[in-house]
Structure formats: C-alpha cells, structure tokens
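Every number here is computed from the coordinates shown, using simple stated rules; none is lab data. Everything numeric here is computed off the predicted structure, so don't read it as measured data. Every residue, glycine among them, receives a Cβ derived from its backbone with ideal geometry; neighbour counts consider all protein chains shown.
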C-alpha cells in the first residue's frame with residue numbers, strides 16, 4: 001500500500017468519526033440557536049440511545065425495531081428534559097441553565113450506572129456489510145454506512161429547516177422569540193420540537209458510534225459529546241452548516257494527527273486548533289459576528 | 001362589531017401602577033391613535049393587549065372574546081397583530097420568508113405532511129406563496145423579494161414589518177411608533193401606506209405615535225395617556241387643541 005492510499009484511508013477514518021461528531025453537533029447547535037443554552041446533557045442522550053438499542057436487541061427485537069425504539073425513547077427523553085428542567089428556567093440567567101444542564105448530564109450518567117452498573121458491555125456488530133474496495137483501499141462496511149446515513153440526515157435536516165413551516169418557525173424563534181410569538185408561533189411547541197429532533201439525531205449518532213467502537217457504558221457519551229460541542233463551536237454555534245463542517249474538520253484533524261503525528265498528542269492538537277480558530281475568528285468558521293447596536 | 005373592547009385595564013409592576021383604569025373600544029376599520037409623553041404607558045398597553053404582559057385587573061376582548069389566560073400566539077390567532085417601536089424583523093431571513101412566517105399560522109399541517117410532502121402540503125405551499133406575493137405587491141417589496149431583511153433600506157424595513165404583521169390577517173393591527181426615525185418624506189409615504197392598509201385589508205388600526213403630523217393626518221380618534229391614565233379621548237382635532245393635552249406635553 002503506498003503512502004497516498006494510506007492517507008486516503010486515514011481521511012476516511014476521519015470522515016467517519018467526523019460525520020458522527022457532526023450529527024451530535026447538530027443537536028448542540030440547534031438547541032443553542034433556539035434556547036441559547038449549551039445542553040451539556042446532549043452527550044448523554046447518545047449513551048441512552050446506545051443502551052436502548054443494545055437492550056432491545058438483547059431482548060430479541062429485530063435491528064430496525066431496536067433502532068426505532070432507541071430514536072423514540074431519546075426523542076421523548078429530550079422533550080421531557082426540556083419540559084422538566086429547562087422550561088421553568090427560561091427566564092433565568094444563562095449560567096443557571098448551564099449548571100442545570102451539567103446536572104442533568106450527571107443525573108443521566110449516575111442513574112444508568114445505578115441501573116446497569118458501570119461495567120462496559122459489548123455492542124453487537126450491527127452493520128454487516130461487505131467492505132468497499134477501491135484499488136488498494138478498503139473501506140469497512142460500517143464506515144461507509146455511517147457516512148451515507150449522516151449525510152442523508154444532514155441534508156434532510158437542512159431542507160426541513162429551510163423549507164417547512166416548522167423549520168421557518170424554528171429560525172424565527174431563534175432570531176427573536178418575542179417577534180416570533182407575535183407572529184402566532186407557539187414558542188413552547190417549537191422549542192420542544194427542536195429538542196426532539198436534536199435528541200433523535202443523538203440516538204442515531206449513538207448507535208453509529210457504537211457500531212464503530214463496540215462498547216457501551218454509562219460514560220460513553222462524554223467524550224463524543226465534548227468533541228461534538230467543540231465541533232459546533234468551531235463551525236460557529238447556532239449555524240447548522242457550521243456544525244456539519246466543524247464535525248468533519250474535527251474528525252479529519254483527529255484522524256490525521258493520530259496517524260501521522262502521535263495518537264497521544266491528538267487531543268492536544270485538536271484542542272490547539274480550536275483555540276487558534278477561536279483566536280482569529282471568535283464566532284467560529286461559519287458563525288456570524290455578533291452585531292452590537294451602537 | 002367591536003374588534004377591541006378594553007375595560008378598566010390596569011397593571012402593576014411592583015409598586016408602580018404603569019397603566020390604570022384604561023378603557024378603549026375600537027370598531028371595525030377604525031383608525032385610532034394613542035399619544036402621550038414618554039413613559040406614559042403606551043407600549044405597556046400594547047404589551048397587555050398582545051398578552052406579553054398579564055393585566056392585573058380589567059378586561060380585554062378581541063372580536064368579542066376575552067383574552068384572559070390566553071398565551072401570546074393564541075391571541076394573535078384571535079385577530080391581533082403588531083409591529084415594534086424598534087424594528088424587529090427576522091434579519092437573517094429573506095423578505096418573502098419573513099412574510100411567510102406570518103402567514104404560516106393560518107395554514108395547518110402537521111410534521112408528517114411536511115416531511116412526506118403530500119399533495120395537501122404542495123397546495124398549501126402554493127397558497128402561502130401566492131398570499132406572500134400579494135402582500136409584497138401591495139408594499140412594493142417585490143424587487144426585494146430575496147434580499148435579506150437586514151439589507152433593506154429603513155423605510156422598506158418598516159413596510160416589511162407591517163406586511164409581516166398583516167400576513168397573520170388581523171382584524172386589528174397595532175403599530176408602535178411607525179414613523180420613528182423617519183424623515184418627513186418617508187413619513188408622508190408611511191401615511192399613505194397606512195391609509196392603504198386600512199382600506200385594502202379592511203383592518204382596524206391602533207397606533208402609538210409622537211409625530212403629530214401623522215396623527216393629525218390619519219387618525220380618526222385619539223386617546224391621550226399620561227402617567228398610565230387616560231387624560232382625554234375623542235376626535236383628533238378636538239383632542240389636539242385641548243389645553244390639558246398641551247399642558248401634559250409642553251408643561252405650563
């Protein structure tokens with residue numbers, strides 16, 4: 001295998017993990033856009049999604065039903081978290097919301113640890129497709145499935161937000177809640193839908209993540225959650241194309257540093273890139289500069 | 001029928017009585033102005049009418065129905081719409097999308113029809129598009145159709161805000177200082193626009209304004225607020241020459 005095909009392989013690794021980061025980052029960015037809240041519990045929704053899928057499969061459900069069960073339970077969970085924890089605090093300060101989000105994150109982790117113990121469980125190999133072989137490059141089945149599913153979901157989401165009534169309502173609420181309310185938009189419903197969509201994407205991301213790294217424990221959501229949060233900030237938090245771009249950029253940088261520089265240093269390098277980008281463009285790659293009224 | 005009936009409306013903010021014993025009724029297709037010194041409670045009245053603030057006492061009826069315990073978007077659905085003192089458009093959306101946001105609540109389809117794109121969805125989208133184009137035509141916004149709202153000239157932004165409010169098909173339109181920041185020529189254009197809105201859309205209009213030329217030029221009736229209370233109310237000419245009103249504005 002020559003160096004170029006090796007590079008391409010690493011690139012694919014990066015795109016694979018990048019597309020998972022992007023799916024998760026979409027949840028962060030949508031919720032931030034609409035509720036101005038960094039929902040730190042979002043990473044743990046991934047974990048819940050993976051658990052539900054695993055338990056459903058172990059319980060004998062066929063894979064498609066297990067995936068649907070996982071998506072539905074995460075959607076309901078996301079909406080419930082918003083209703084119970086965030087909605088009563090809608091007029092509270094941002095820091096209060098942030099701390100509540102961290103609290104919810106630990107609540108989810110600890111209650112899953114209590115119920116299922118902190119032991120890791122193996123996740124079954126759910127994507128059993130033949131690898132794609134192009135020349136001397138081999139791309140594992142789960143890799144291209146992950147990439148294809150993610151790209152489809154991101155495209156659908158983008159169309160949904162741009163073209164549909166609910167999508168326009170979401171954009172209106174994220175720009176000016178007061179004005180949106182006075183256009184006859186139901187704010188509560190719109191925010192609930194946003195949390196629901198974000199959580200559904202997180203469920204799918206959780207399953208895809210576990211297809212690549214086949215281990216489930218109550219803590220698996222933390223690391224991809226943080227990475228995806230970084231991806232969202234990198235791309236410009238609040239922007240949907242930004243989250244996607246940020247996810248891919250992060251995944252590719254991570255894979256390439258692991259392969260060519262050092263796997264121990266990869267996190268340090270990823271975070272340095274983040275710091276550099278934010279030094280030169282504080283609002284992120286595709287983020288808009290905050291307009292101050294003078 | 002009365003589009004708006006307000007009786008003995010009052011609201012307290014802590015120890016401050018911001019609006020007290022405010023009554024007003026507006027008939028179909030009537031054009032009424034609210035004037036008064038800064039801080040008199042004019043915008044507070046608008047916020048009470050649209051449910052942004054909850055009244056401490058009194059009653060508000062829109063098209064004969066009480067708005068008590070209704071949330072903001074429900075009140076809008078009952079036939080009220082408003083614009084803001086400082087323009088609040090959806091700046092990152094195009095002109096046509098701004099109007100569509102206002103139109104959407106009149107069309108009901110659920111998430112699944114939106115995703116599955118049924119024929120009902122396409123029919124509604126077409127109706128929405130047509131209604132948006134009609135509104136843009138009336139306000140001369142067609143050339144700006146795909147501009148971002150933020151990039152419109154100031155006068156056009158005002159008109160877009162009025163068009164967006166009209167998209168919700170209100171029977172009463174509330175305009176909060178529509179002429180604020182406009183030069184005399186823009187104000188004259190705005191007066192024509194407001195007259196046109198009243199005639200073509202058959203809505204009643206209640207407006208807050210400091211520009212007395214505009215008030216004199218278009219309002220049929222005027223209510224004067226001072227310290228949260230109605231100082232006087234009646235036909236425009238009569239009220240504007242009232243000595244108590246002149247005193248409230250200019251001092252002794």
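Structural remarks
- Ellipticity estimate at 222 nm from DSSP helix runs (n ≥ 4, -39,500 (n - 2.57)) divided over chain B, nearest 500: -12000 deg cm²/dmol
- Rough spin-label spacing in nm, given labels placed 7 Å along Cα→Cβ, for residue A:76 and residue B:29: 5.4 nm
- Kirkwood hydrodynamic radius of chain B, from inverse mean 1/r over distinct Cα pairs, in Å: 19.1 Å
- Looking at the protein assembly as shown, the DSSP beta bridges with both ends there are about 65 percent antiparallel.
- Whether segment A:239-288 is rounded, prolate or oblate, judged on the alpha carbon gyration tensor where a/c under 1.5 counts as rounded: oblate
- Relative contact order [Cα under 8 Å, 6+ residues apart], segment A:2-82, whole percent: 20 percent
- Rg/Rh (Cα only; Kirkwood hydrodynamic radius) as it applies to segment A:17-221: 1.01
- Annotation for segment B:9-74 versus segment A:1-54: alpha-carbon center distance of 49 Å.
- Cα gyration tensor shape for segment B:143-252, rounded if a/c is under 1.5, else prolate or oblate: prolate
- When Rg and Dmax are taken over the Cα atoms of segment A:1-121, they come to 17.7, 59 Å.
- The convex hull drawn around the Cα atoms of the protein assembly as shown, when projected onto a plane and averaged over every direction, covers 30.3 nm².
- The mean number of partner chain beta-carbon atoms within 10 angstrom of a residue's beta-carbon across peptide A:155-167 is 3.
- Alpha-carbon centroids, segment A:165-198 and segment B:162-217: separation in whole Å: 27 Å
- Rounded to the nearest 500, the helix-only mean residue ellipticity at 222 nm of chain A stands at -24000 deg cm²/dmol, with each DSSP H run of n ≥ 4 adding -39,500 (n - 2.57).
- As a rough guide to protection, the peptides A:8-14, A:127-133 ranked by mean Cβ packing within 10 Å, highest first, stand as A:8-14, A:127-133.
- Chain A: angle of helix A:266-280 to the longest principal axis, Cα-based, in degrees nearest 10: 40 degrees
- Average other protein chain Cβ within 10 Å of Cβ, residues A:187-193: 1
- Each part gets one Cα centre, and for segment A:80-137 versus segment B:126-151 those centres are 43 Å apart.
- Mean Cβ count within 10 Å, highest first, over the residues of peptides B:36-44, A:151-159, A:183-191, A:57-65: A:183-191, B:36-44, A:151-159, A:57-65
- Within a Gaussian network of chain B (alpha carbon springs, distance under 10 Å), most fluctuating of B:139, B:122, B:84: B:122
- Counting only alpha carbon atoms, the long axis of helix A:240-260 and the longest principal axis of chain A meet at about 30°.
- Computed over chain B with a Gaussian network model linking Cα atoms closer than 10 Å, the most mobile of B:82, B:221, B:164 is B:221.
- Zone residues, segment B:17-51, relative to residue B:227, backbone N less than 19 Å from point 7 Å out along Cα-to-Cβ: B:17-23, B:35-45
- Estimated translational D of segment B:48-103 in µm²/s (Stokes, Kirkwood radius over Cα pairs; 4 °C; 1.567 mPa s): 100 µm²/s
- Chain A: angle of helix A:42-58 to the longest principal axis, Cα-based, in degrees nearest 10: 60 degrees
- When each of the peptides A:113-122, B:181-190 is scored by the mean number of other C-beta atoms lying within 10 Å of its residues, the order from highest to lowest reads B:181-190, A:113-122.
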